[in-house]
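Below is one structure; the comments refer to it alone.
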């Protein structure tokens with residue numbers, strides 16, 4: 001049986017369902033991401049697991065124990081919030097030691113464990129500072145140390161990186177993943193950022209409107225979206241309706257078609273003719289908008305050298321990898 | 001901050017200093033009057049003395065009024081802290097929607113003029129099972145309603161600044177029960193708002209006259225009622241009283257500000 005098992009979980013606010021009959025399983029030591037647009041219920045699911053939001057019905061099993069009747073204090077779950085939620089009146093060390101204080105862990109042991117947790121997030125030199133003297137990234141690392149110090153059975157991360165700037169976000173997400181691996185900690189991570197989800201997770205649950213639309217590892221989610229929403233949310237798929245797809249491929253296509261931008265290559269001569277409408281530089285990738293047979297396609301090309309650049313208006317020919325075409329419902 | 005140069009800076013300073021002088025002038029006049037032997041037909045007082053202060057601070061009736069004012073104010077403030085803090089906590093943590101209703105309710109004591117509401121209070125509490133008119137209890141209750149808007153607004157602003165919900169949630173997940181979370185995490189972070197609210201209410205209540213005079217009068221004389229009753233005595237004596245009163249509030253403000261300094 002799975003370490004975490006959510007069974008037929010239901011939650012509604014004022015008559016409208018946030019989610020209905022959610023089922024999901026997480027294995028011990030796994031890093032699982034709940035990915036979805038805002039309002040899809042992912043944060044509410046996390047709060048239900050933490051016990052901060054009551055559920056209407058269903059079960060949440062952690063290591064075989066049903067959490068639903070337990071108060072948040074008794075669940076043995078650590079959580080990191082988007083807003084850090086550090087206690088402003090306490091120093092970094094007091095913040096970290098708060099959970100130990102509540103468990104009546106005394107004096108030296110408490111101090112040693114708090115220091116150890118701070119060392120884990122590389123903030124041992126900041127123990128006597130107050131939260132308002134730290135940067136956002138440092139605050140979030142303190143919050144992480146605080147949630148780890150009580151040795152929780154399950155770690156919940158509620159968009160912990162969303163309030164940080166890009167460079168720190170990248171660094172911290174690697175640090176979180178490293179610590180998670182080192183401690184073998186089962187972790188549920190909530191985000192709306194597909195890049196975070198794809199780079200961090202062992203497994204991803206893609207959520208939309210209170211349902212888990214698709215679950216699987218990053219590779220599966222990226223290359224094999226199960227429906228229109230999944231294809232639209234992950235990657236930058238070209239989504240064509242049946243008519244456009246038939247026109248482009250010059251054969252009858254009965255369903256919507258999803259084509260990844262990097263599965264199309266541009267050449268100077270070939271069957272399928274098109275014209276570059278515009279291009280933009282994304283660093284190592286150049287993103288072209290190319291029109292072919294009345295259909296506009298996004299094409300990503302690796303930015304090898306400026307000599308290969310196709311200027312706007314240039315006639316090009318496209319070749320589409322037939323194995324990369326996916327019909328979606 | 002932007003560096004000011006030349007005439008702009010001079011103009012800004014002039015405005016600030018003029019304002020200061022305008023505000024301080026009456027006070028300085030009163031101060032000077034309170035330490036002068038007599039000051040009537042001449043441009044400057046004829047001599048300086050501290051006898052008015054001596055007379056004031058040895059007057060048993062004044063000391064009693066001062067003490068009674070303090071007692072009534074502290075009583076009202078204690079009642080507000082005990083009642084309003086939990087109320088705010090419940091409103092903001094459990095029923096955030098009630099905040100809109102509360103914002104209307106707390107304005108009521110200000111919407112009704114004191115003279116009107118004291119007539120109502122006299123009717124209600126003048127006789128019958130809750131006869132309190134003429135006792136300090138009715139003043140404490142009445143002052144509580146006056147302190148309510150100050151307390152509620154100042155602490156609400158503070159609560160909104162600390163992200164109450166996340167702090168409570170974090171504390172509970174770390175094993176704290178609601179009481180521990182409230183006392184160890186939320187309350188220490190409300191210190192600023194609470195002190196500001198208390199100071200504001202105190203300064204206001206300490207100088208309150210209408211309710212004190214109409215509801216209780218000389219039966220439990222407060223400072224302002226005493227001042228009113230002394231209006232026919234020497235102007236020098238009254239000036240000393242006003243300056244003493246002002247000085248007391250000033251010291252209190254200074255102490256409160258010291259307490260409110262950030263730890264760093």
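A compact table of results
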read-out	value
Residue count, the range A:130-149 (criterion: buried (at least 17 other Cβ atoms within 10 Å of the Cβ) and over 25 Å from the mean Cα position of the chain (by Cα))	3
Filter pass, residue A:71 being within 12 Å of another protein chain (Cβ to nearest Cβ), over 29 Å from residue A:173 (Cβ atoms) and over 24 Å from the mean Cα position of the chain (by Cα)	yes
Matching residues, the range A:116-126, being more than 29 Å from residue B:192 (Cα to Cα) and surrounded by fewer than 18 Cβ atoms within 10 Å (Cβ to Cβ)	A:116, A:119, A:122, A:124
Qualifying residue in the range A:87-103 (condition: over 24 Å from residue B:162 (Cβ atoms) and more than 28 Å from the chain's Cα centre (by Cα))	yes
Residue in the range A:123-130 that is in contact with a strand residue (DSSP E or B) (Cβ under 7 Å, 6 or more places away or on another chain) and either modelled with pLDDT of 95 or more or part of a loop (DSSP other than H, G, I, E, B) (or both) present	no
Filter result for residue A:156 (within 13 Å of chain B (Cβ to nearest Cβ), modelled with pLDDT of 95 or more and within 20 Å of the chain's Cα centre (by Cα))	yes
Test: residue in the range B:189-205 that is surrounded by 14 or more Cβ atoms within 10 Å (Cβ to Cβ) and farther than 27 Å from residue B:86 by Cα	no
Looking only at the range A:74-99, and only at residues there that are in a helix (DSSP H, G or I), more than 9 Å from every other protein chain (Cβ to nearest Cβ) and in contact (Cβ under 8 Å) with a residue 24 or more places away in the chain, the one that is surrounded by the fewest Cβ atoms within 10 Å (Cβ to Cβ)	A:93
Any hit, the range A:165-179, residues being within 14 Å of chain B (Cβ to nearest Cβ), surrounded by 18 or more Cβ atoms within 10 Å (Cβ to Cβ) and over 22 Å from residue A:67 (Cβ atoms)	no
Qualifying position, being surrounded by 12 or more Cβ atoms within 10 Å (Cβ to Cβ), out of contact with any helix residue (DSSP H, G or I) (no Cβ under 9 Å at 6 or more places or on another chain), at pLDDT 90 or above and within 25 Å of residue B:202 (Cα to Cα), among B:67, B:75	B:67
The lone exception for residue A:109 - which of (1) over 14 Å from residue A:141 (Cβ atoms); (2) assigned to a helix (DSSP H, G or I); (3) within 12 Å of chain B (Cβ to nearest Cβ) it fails	(3)
Filtered residues of the range A:112-129 (kept if within 14 Å of chain B (Cβ to nearest Cβ) and closer than 13 Å to residue A:150 by Cβ)	A:113, A:114, A:117
Residues satisfying the stated conditions in the range B:169-185, i.e. facing another protein chain (nearest Cβ under 9 Å) and assigned to a helix (DSSP H, G or I)	B:169, B:170, B:171, B:172, B:173, B:180, B:184, B:185
Unique match (being without any contact (Cβ under 8 Å) to a residue 24 or more places away in the chain and within 12 Å of the chain's Cα centre (by Cα)) among A:195, A:178, A:174	A:195
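The rows are residues; the columns are (1) surrounded by 21 or more Cβ atoms within 10 Å (Cβ to Cβ); (2) at pLDDT 95 or above; (3) within 14 Å of another protein chain (Cβ to nearest Cβ); (4) out of contact with any helix residue (DSSP H, G or I) (no Cβ under 9 Å at 6 or more places or on another chain).
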{"residue": "A:13", "(1), (2), (3), (4)": "no, no, yes, no"}
{"residue": "A:22", "(1), (2), (3), (4)": "yes, no, no, no"}
{"residue": "A:33", "(1), (2), (3), (4)": "yes, yes, no, no"}
{"residue": "A:40", "(1), (2), (3), (4)": "yes, no, no, yes"}
{"residue": "A:54", "(1), (2), (3), (4)": "no, no, yes, no"}
{"residue": "A:58", "(1), (2), (3), (4)": "no, no, no, no"}
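Conditions tested, residue by residue: (1) surrounded by fewer than 18 Cβ atoms within 10 Å (Cβ to Cβ); (2) touching a strand residue (DSSP E or B) at 6+ places or on another chain (Cβ under 7 Å); (3) modelled with pLDDT under 95.
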{"position": "A:182", "(1), (2), (3)": "yes, no, yes"}
{"position": "A:186", "(1), (2), (3)": "no, yes, no"}
{"position": "A:197", "(1), (2), (3)": "no, yes, yes"}
{"position": "A:205", "(1), (2), (3)": "no, yes, no"}
{"position": "A:210", "(1), (2), (3)": "no, yes, yes"}
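Results for (1) free of Cβ contacts under 8 Å to residues at least 60 places away in the same chain; (2) within 14 Å of chain A (Cβ to nearest Cβ); (3) in contact with a helix residue (DSSP H, G or I) (Cβ under 6 Å, 6 or more places away or on another chain); (4) farther than 20 Å from residue B:157 by Cα, shown as yes or no for each residue.
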position	(1), (2), (3), (4)
B:193	yes, yes, yes, no
B:196	no, no, yes, no
B:199	yes, no, yes, no
B:210	no, no, yes, yes
B:218	yes, no, no, yes
B:226	no, no, yes, yes
B:233	yes, no, no, yes
B:249	yes, no, yes, yes
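The values are calculated or read from the model by the stated rules, or taken from the named source; none is laboratory data. These numbers come from a predicted model, not from an experiment. Heads up, the Cβs are rebuilt from the backbone with ideal geometry, glycines too, and the neighbour counts pull from every protein chain shown.
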